[in-house]
Amino acid sequence: MTVGSRRTLGVCYYPEHWPEAAWAEDASRMVEAGISRVRIGEFAWSRIEPRPGELHFDWLDRAIATLGSAGLEIVLGTPTAAPPRWMVDRHPDMLPVDSDGRARGFGSRRHYCFSHDGYREECRRITRRLAERYGRNPHVVAWQTDNEYDCHGTAVSHSENAARAFREWCAHRYRSVDTLNRAWGNAFWSMDYRGFDEVGLPVRTVTEPNPAHVLAFRRFSSDQVVRFNRVQCDEIRRHSDAPIVHNFMGRTSGFDHYALGADLDFASWDSYPLGFLMDRAGASPEEKEQYLRQGHPDFQAFHHDLYRTCGAGRFWVMEQQPGPVNWAPWNPAPMPGMVRLWAWEAFAHGAETVCFFRWRQAPFGQEQMHAGLLLPDRRPAVGLAEVARVARELEEAPEAGTGPARCALIYDYASAHAWEAQPQGADFDYFDLCFDVYCAMRRAGLSIDVLPPEGRDLGPYALVMAPGLLECSPGFLDSLNTCKGRVVLGPRAGQKTSELAIPVPMGPNLPGLRATVTRVESLPPFADVPLAAGGVVRRWFEALETDAEVFERTRDGRPVLAGGGRVGYLAGWPDARALDRIIRREAALGGLPALDLPPGLRVRDTATHRFWFNYASEARTCGGRTVGPAGVRWEPLDRSCRTG
């Protein structure tokens, strides 16, 4: 079976948690529910290798044979996210170290530093042994490397191993210490280095460290994650033709997902809408109350669109929430119908497989309060019926693959790292800025591709938004020249060099737009700037000198959005009211009709169909179509009304 040839459902399963006598019945019930793929093995190292060099594959052989003989296709994980206790005893300096110099100990997971050469070689070894044994197994249709890189903030480690590797990275990047000193501006505060051996980690300084130093360390840390993952991909490919995937997280920027995705065959991510609403979606108190049991109506969609790009047009949801989770500050249950809606929304954004976490709720361990499709006593949990319904609907639903959208949002991990290094305001957050723009595009009924700043043809897009882009590099400017639609950059775009210095001439330096940002303000919550047409600028405001046409002004006449030709610059962070107006105007100028969607209702256009999703707790109506609470509706796409 070719992975990606059809839309399927899957589930995460842990045979090592259950008596072997239960495996066959579990497999049979999975198939009966319409599940066809199962992920296993990603946390099983201590059962595969209970003591150094003592490999026990017999139980895993039987588990794969049992699941496969039932008709299930297997995604086999490398177990490197949870090294066993003996590994820490063998390599006591492999543990990650926090910014205060404290080692993060054994007792949960992800307890390793990406810069530890010895542990990386141990991972190469176990991956090679797994690939040798199962690389040609007909039941193994895909591989997952490790699990959730950067979960628990582990992409960055401040260990001695990281310090040594960082010095080597700096020597390779800058070639000479004089070049490094100039790039980082080390003449300031007498920070010049005489040699690379003097370069340390940017932590525990008296006051803030040099932001260029911080940015370099973040880039190094990202490269270490990519290198670590590549080792496993290389070993698997020597013994298997099955595709390789990693399961990314929601709202994580500890490493460049585009760079890591280049070594994968497709991407996946772990979607927990209710946990994310409470934990990391940046939702307001009102949104948390309104969408308590549904999740934020745009958070899942953003990551579907992002990780589809990271996977070169292909992605899965490797873990989908089926009930209450255990790890958020509060853990409500989904509203009836939401498990179905989340699955269908993923498919509408191009997912090939949606896997639910997990098959059976564990009665032990840290995640015992995390719901599964079965209760701990093996009775069906609430989510199982909705999964079975999706399986039945997949048999009848159209093959409506997601094609390229007509709108794009530029999202850049280098910019995320830069603004973390130098936020300038206590609440300036790059993800929040990009997500606010994305949400406004979704509220207008637009379908969106989330893209990196370079390496993509922008020609087909009618509207491109690029908020907060650190540097308008030559590659990005070249791609802008191919775009025949509207392009809006800012705020805080093109105002720094790649080394986080202010360029001369000052930014944003955009083609066809005479505009210069001469001053920036980060605004406290009580100092919003009212706009003449309604709404406010909040958090961030720039003094913009321009003789271009001004589309948005403050109430006292200062320019906020100015444009020249196809390119515009936004000199502030608008609230939702102002962003909705701006997006709708720019979409209209790009020839895209917007929809008047009521709160909670969203659409996604595929190549052939339009899907409607209602995140509200009441029925919503738009254009004569009514969608019930937690409802999903699809219809053939009328291209004359296509919005993106």
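The values are calculated or read from the model by the stated rules, or taken from the named source; none is laboratory data. Treat the numbers as computed from the prediction; the structure is a model and nothing was measured. Here the Cβ positions follow ideal geometry from the backbone for every residue, glycine too, while neighbour counts run over all protein chains shown.
Only a single item in (1) in a loop (DSSP other than H, G, I, E, B); (2) out of contact with any helix residue (DSSP H, G or I) (no Cβ under 7 Å at 6 or more places or on another chain) is not met by Lys496, and it is number (2). For the range 452-461, the tally of residues that are out of contact with any Leu (no Cβ under 7 Å at 6 or more places or on another chain) and among the aliphatic types (A, V, I, L, M) stands at 0. Residues that are modelled with pLDDT of 95 or more and among the hydroxyl-bearing types (Ser, Thr, Tyr) within the range 585-620 comprise Tyr615, Ser617, listed in sequence order.
The set of residues in the range 549-578 being out of contact with any Leu (no Cβ under 6 Å at 6 or more places or on another chain), in a loop (DSSP other than H, G, I, E, B) and modelled with pLDDT of 95 or more consists of Arg555, Asp556, Gly557, Arg558, Asp575. None of Thr309, Thr252 is hydroxyl-bearing (Ser, Thr, Tyr) and part of a loop (DSSP other than H, G, I, E, B) except Thr252. The helices (runs of 4 or more DSSP H) falling completely within the range 22-118 include none with 2 or more residues that are modelled with pLDDT of 95 or more, buried (at least 22 other Cβ atoms within 10 Å of the Cβ) and outside the structural domain of Arg128 (by TED's automatic domain parsing).
Out of the residues in the range 458-492 that are charged (D, E, K, R) and closer than 27 Å to Arg219 by Cβ, which is surrounded by the most Cβ atoms within 10 Å (Cβ to Cβ)? Applying the filter and picking the extreme gives Arg492. Taking Gly557, is it assigned by TED's automatic domain parsing to the domain that holds Met441 and closer than 25 Å to Arg442 by Cα? No: the conditions fail for Gly557.
So which of Ala283, Ala333, Ala346 is of a type outside the set (Asp, Glu), out of contact with any Pro (no Cβ under 7 Å at 6 or more places or on another chain) and modelled with pLDDT of 95 or more?
Just a single option satisfies the conditions, and that option is Ala346.
Being under 21 Å from Arg219 (Cα atoms) and modelled with pLDDT of 95 or more holds for only one residue in Gly295, Gly250, and it is Gly250.
If His417 satisfies every condition in (1) touching a strand residue (DSSP E or B) at 6+ places or on another chain (Cβ under 6 Å); (2) closer than 23 Å to Tyr438 by Cβ but one, which is the exception? His417 satisfies all of (1) touching a strand residue (DSSP E or B) at 6+ places or on another chain (Cβ under 6 Å); (2) closer than 23 Å to Tyr438 by Cβ except (1). Might you let me know whether the range 160-176 holds any residue that is surrounded by fewer than 22 Cβ atoms within 10 Å (Cβ to Cβ), touching a Phe, Trp or Tyr at 6+ places or on another chain (Cβ under 9 Å) and within 22 Å of Thr78 (Cα to Cα)? No, because not a single residue in the range 160-176 is surrounded by fewer than 22 Cβ atoms within 10 Å (Cβ to Cβ), touching a Phe, Trp or Tyr at 6+ places or on another chain (Cβ under 9 Å) and within 22 Å of Thr78 (Cα to Cα).
Please count how many residues of the range 388-443 are within 23 Å of Leu592 (Cβ to Cβ), more than 17 Å from the chain's Cα centre (by Cα) and surrounded by 19 or more Cβ atoms within 10 Å (Cβ to Cβ).
Number satisfying all stated conditions: 9.
The set of residues from the range 305-324 being surrounded by fewer than 23 Cβ atoms within 10 Å (Cβ to Cβ), without any contact (Cβ under 8 Å) to a residue 60 or more places away in the chain and touching an Asp or Glu at 6+ places or on another chain (Cβ under 9 Å) comprises just one member, Ala312. Summed over the range 210-244, the residues that are closer than 20 Å to Ala416 by Cα and among the acidic types (Asp, Glu) give a count of 1.
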